[in-house]
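Quick notes on the structure that follows.
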Amino acid sequence: MMLRNIEPSRRNFLVGAGKFAAVAPLAASMPWGAARAATPANACPPVSAWSDLASRVSGGVLRPQDPFFNDVCRPNNLRYNTLPMGIARCLKTEDVQGALNWVQQQGLPFAVRSGGHNYAGYSSTNGLLIDMSLMAGVEVVDKKEGIVRVKGGTGNALVYKDLERAGLTITHGRCDAVGAAGFLLGGGIGFSMRMYGIASDLLTGTTVVTADAKIHKADAKNDSDLYWACRGGAGGNFGINTEFLLRTFPAETVSVCQLKWTDNQADVLHALLTRLPNMPNTFGSKINVTLPSIQQRCQGIGSEVSILAQLHKTKGKTLKDMFGPLWETAQKVWVHEDIPYWVAQDYLAEETYPYYYQEKSSYVQASRISRDGVQTLFDAGRLQPGTSMPVAYKFFQTGGACNDMRADATAYVHRGNDWLFSVEMNWWQPTDPQGLINDNLTWQKDFYALTNRTFSAVGAYQNFPDPTLDDWAKAYYGENLTRLREVKTKYDRDSVFNYGQGIKPL
Ligand SMILES: Cc1cc2nc3c(=O)[nH]c(=O)nc-3n(C[C@H](O)[C@H](O)[C@H](O)COP(=O)(O)OP(=O)(O)OC[C@H]3O[C@@H](n4cnc5c(N)ncnc54)[C@H](O)[C@@H]3O)c2cc1C
């Protein structure tokens, strides 16, 4: 691969402060250089341009030869571990403006990254990675109304810690390492959503730097179309969000449990899927049907049904009441009644490490779920070829307050359902040969189509982006797509923000 305007590497810089940043040049001999089509045909900024960028970005600029470069830019899904030409580490809004101006002057592709947990690699780039993760912090700005300000690159771990200190909570997910930006912009689901709504329902305002580097303070009164689009229109579409204002709730005690069933699994799953939607909005759950890895199968391990559940204080009711007869047949992995909210989240949290995966999702109404339909899923589950990692198909309990908003009230269109279904495929390279991975991905595609047919499932969650999805725009945004395209046209007519499944201007 030819690299232009490049001087041989003389020295590695740990690029921290803007003044000294990014003068370390690329070298064609870098191990990644030939292996990846990393250099866009028309853009290879000279050393002086990198120095110019460094002077605009106060968090520093990293180049491939800098220590920790690969660690900083490694996404959670290793399928998309593309190395960028540089990483601009933004600390403040001016840095974001500077980086945005710079990529456009250079004609370089770019991606915005907060937590790096995008399923489909849409925060990876072979150009400039605009890294927001240093722009982190949470502050209570209106104690009476319970409004907090979350900076644009804050990771969930810090959001949770700071909310805990303030005795507050929101609808939030389970994974500490997910970024608040991606989570909020694409909707945001969690155990409290049946009580408080989808996380983006709690967004009262956001600051966005658009492609022209202008700052928009968007809320119900100002730039209200942009505010509407940021509540479910997904990250990376309209600009770079540098802060979010969120409505919170007092963190009160909750009861949490994990239950498991290995017998009569189809009966159990059917009973869970049809019973739990009738429970009060104070109840939230996520069901997993786990299919074993190839190695586990050799050890005689089969599939299992398990559930994680949370119950906010509910007059006269306990977790046991939520499950009825299913409680007696369950193996109680753990049960904790009436414990402080954030202590409970330690039990519900998931810790993940980067690996290889693909997810497919859709929304289901409980009335469409029959015992025969559930059996169909179990029969099809037995046909999964298997990889070196277990996989699961999952049902996140929606309903309740998630359905209180009209479908067009915000960009998050998926209202009027009881479950968010998703089927994952996980593998590890090179342990799993490509042929086996392909067979499993084919199984996943067929299983997804079968579930959608069987349960009349529709749509797909834009925060679980699936690069293989046909008609993804309709699946993610439904009837809100046209309005989203209007907003895109108004704020980013030239598609400066652009990715595989990005919203297109009209
Ligand atoms: C292990 C794991 C657990 C998860 N758990 C949950 C869960 O419990 N609930 C749930 O709802 N979802 C969950 N998700 C999905 C997650 O919410 C989305 O993948 C989310 O978009 C990730 O956000 P991020 O900031 O980490 O990702 P990134 O990859 O950094 O960004 C995601 C998208 O937003 C863009 N973006 C990033 N920062 C900004 C910004 N500041 N301004 C504008 N655009 C930006 C990126 O360009 C990209 O397109 C999970 C994902 C994983 C991998």
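Brief remarks follow.
- Taken as a whole, segment 138-145 holds no residue that is assigned to a loop (DSSP other than H, G, I, E, B) and within 20 Å of the chain's Cα centre (by Cα).
- Residue ID - most open to solvent (accessible area, probe 1.4 Å), chosen from residues in segment 327-343 that are in contact (Cβ under 8 Å) with a residue 24 or more places away in the chain and under 15 Å from Thr169 (Cα atoms): Pro340
- Per the listing Tyr347, Tyr357, the residue uniquely open to solvent by 50 Å² or more (accessible area, probe 1.4 Å) and not charged (D, E, K, R) is Tyr347.
- Being polar (S, T, N, Q), open to solvent by 20 Å² or more (accessible area, probe 1.4 Å) and within 26 Å of Gly173 (Cα to Cα) is a description that applies to Thr468.
- Subset tally (residues that are more than 13 Å from the ligand (Cβ to nearest atom) and either touching a His at 6+ places or on another chain (Cβ under 8 Å) or part of a loop (DSSP other than H, G, I, E, B) (or both)) for segment 93-128: 3
- Look at segment 274-290: where a residue is closer than 21 Å to Ser303 by Cα and a partner is crowded, with 22+ Cβ neighbours inside 10 Å and hydroxyl-bearing (Ser, Thr, Tyr), sitting 6+ places away or on another chain with Cβ atoms under 8 Å, you get Asn288/Tyr393; Val289/Tyr393.
- Filter result for Leu168 (open to solvent by 10 Å² or more (accessible area, probe 1.4 Å), of a type outside the set (Ser, Thr, Tyr), modelled with pLDDT of 95 or more and out of contact with any Cys (no Cβ under 9 Å at 6 or more places or on another chain)): yes
- Inter-residue pairs, beta-carbon under 7 Å, first on the phi > 0 side of the Ramachandran plot and in segment 177-188, second hydroxyl-bearing (Ser, Thr, Tyr) and more than 6 Å from the ligand (Cβ to nearest atom), 6+ apart: Gly187/Ser200; Gly187/Tyr412; Gly187/Tyr461; Gly188/Thr171; Gly188/Ser200
- Glu243 within 21 Å of Asp162 (Cβ to Cβ) and not in a strand (DSSP E or B): no
Every residue, every condition in (1) within 29 Å of Met389 (Cβ to Cβ); (2) outside the structural domain of Phe396 (by TED's automatic domain parsing); (3) not small (Gly, Ala, Ser), yes or no:
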position	(1), (2), (3)
Val413	no, no, yes
Glu424	yes, no, yes
Thr442	yes, no, yes
Ala457	yes, no, no
Tyr461	yes, no, yes
Thr482	no, yes, yes
Asn498	no, yes, yes
Ile503	no, yes, yes
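- Residue within segment 57-68 that is within 11 Å of the ligand (Cβ to nearest atom) and open to solvent by 10 Å² or more (accessible area, probe 1.4 Å) present: no
- Test result for Gln429, in contact (Cβ under 8 Å) with a residue 40 or more places away in the chain, under 17 Å from Lys360 (Cα atoms) and part of a loop (DSSP other than H, G, I, E, B): no
- Segment 276-307, subset open to solvent by 20 Å² or more (accessible area, probe 1.4 Å) and of a type in the set (A, V, I, L, M), residue farthest from Ser388 (Cα to Cα): Met279
- Those residues of segment 156-181 which are in a strand (DSSP E or B) and more than 7 Å from the ligand (Cβ to nearest atom), in sequence order: Leu168, Thr169
- Only listed residue being more than 25 Å from the chain's Cα centre (by Cα) and either surrounded by 15 or more Cβ atoms within 10 Å (Cβ to Cβ) or at pLDDT below 95 (or both), chosen from Ile369, Ile437: Ile369
- Residue that is nearest to the ligand (Cβ to nearest atom) [pool: residues in segment 69-88 that are within 18 Å of Gly235 (Cβ to Cβ) and either open to solvent by 40 Å² or more (accessible area, probe 1.4 Å) or in contact with a Gly (Cβ under 7 Å, 6 or more places away or on another chain) (or both)]: Asn76
- Scanning segment 182-206 for residues that are open to solvent by less than 10 Å² (accessible area, probe 1.4 Å) and part of a loop (DSSP other than H, G, I, E, B) yields Gly186, Gly187, Gly188, Ser192, Gly197, Ile198.
- Some residue of segment 261-282 being under 28 Å from Arg415 (Cα atoms) and assigned to a strand (DSSP E or B): no
The values are calculated or read from the model by the stated rules, or taken from the named source; none is laboratory data. The structure presented is a predicted model; accordingly, all values stated were derived computationally and were not measured. Heads up, the Cβs are rebuilt from the backbone with ideal geometry, glycines too, and the neighbour counts pull from every protein chain shown. Remember, those area values only see protein heavy atoms, side chains included, never the ligands or the DNA or RNA. Shrake-Rupley method; radii C 1.70, N 1.55, O 1.52, S 1.80 Å.
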